[in-house]
Amino acid sequence: MNKGKSIWSIVAGFLVVVILSMGTDFILESLALFPPQSEPAAYTAGMLIIALIYRCVYTVAGGYVTAQLAPDRPVRH
């Protein structure tokens, strides 16, 4: 039973990161703050740094979700 909860906690954390990242990308593209993904050469260094920062924050949030859902030893997950 704990293996299932462990797997679920890892998957949930990963989903948090993916959903938040893709959602933010979509919003920034729809507001025309970022170019469409079909034009990767149009990204500037500033845009890439902004994307790196919010994705790092989302990765920490995903780790937090994983640790909260972990059945035991949350740091190890």
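The values are calculated or read from the model by the stated rules, or taken from the named source; none is laboratory data. If you're wondering where the values come from, they're calculated on a predicted model, not measured in any experiment. Glycine also receives a Cβ, built like all others from the backbone with ideal geometry; neighbour counts cover every protein chain displayed. Surface areas here come from the heavy atoms of the whole protein model, side chains and all, with no ligands, DNA or RNA. Shrake-Rupley method; radii C 1.70, N 1.55, O 1.52, S 1.80 Å.
Using only Cα atoms and rounding to the nearest 10 degrees, what angle (0 to 90) does helix 2-30 make with the longest principal axis of the chain?
Approximately 10 degrees, to the nearest 10.
How large is the accessible surface per residue of the chain, computed with a 1.4 Å probe and reported in Å² as a whole number?
Each residue of the chain exposes 73 Å² on average to a 1.4 Å probe.
Could you sort Glu29, Glu39 by their accessible area in this structure, using a 1.4 Å probe and putting the largest first?
Glu39, Glu29
As a test question: what accessible area, to the nearest 10 Å², does Asp25 have when a 1.4 Å probe is rolled over all protein chains in place?
Its accessible surface works out to 20 Å², give or take rounding.
Using a 1.4 Å probe on the protein heavy atoms only, what accessible surface does Ser38 show? Give it in Å² to the nearest 10.
100 Å²
Any idea which of Ser38, Gly13, Asn2 is furthest toward the positive side of the dipole for the chain, if Lys and Arg beta-carbons carry +1 and Asp and Glu beta-carbons -1?
Asn2
How fast does the chain diffuse by Stokes-Einstein, in µm²/s, taking the Kirkwood radius from C-alpha pairs at 4 °C and 1.567 mPa s?
Rounded, D is 94 µm²/s.
To the nearest 0.05, what FRET efficiency results for Val11 and Ala32 with a Förster distance of 35 Å applied to their C-beta separation?
It comes out at approximately 0.55.
Probe radius 1.4 Å, ligands and nucleic acids ignored: give me the carbon and sulfur share of the accessible area of the chain as a rounded percent.
74 percent
Could you tell me the accessible area of Phe14 in Å² (1.4 Å probe, neighbours in place), rounded to the nearest ten?
Approximately 130 Å² of Phe14 is accessible to the 1.4 Å probe.
Report the one residue of Gly23, Gly62, Ile50 whose Cα lies farthest in the direction of the positive end of the charge dipole of the chain (charges on C-beta: Lys and Arg +1, Asp and Glu -1; origin at the Cα centre).
It is Gly62, whose Cα lies furthest towards the positive end.
Between Arg55 and Asp25, what is the label-to-label distance in nm when each label sits 7 Å out along the Cα-to-Cβ direction?
0.8 nm
To the nearest 20 debye, what charge dipole does the chain have about its Cα centre, counting +1 at the Cβ of each Lys and Arg and -1 at the Cβ of each Asp and Glu?
Charge dipole of the chain: 500 debye, to the nearest 20.
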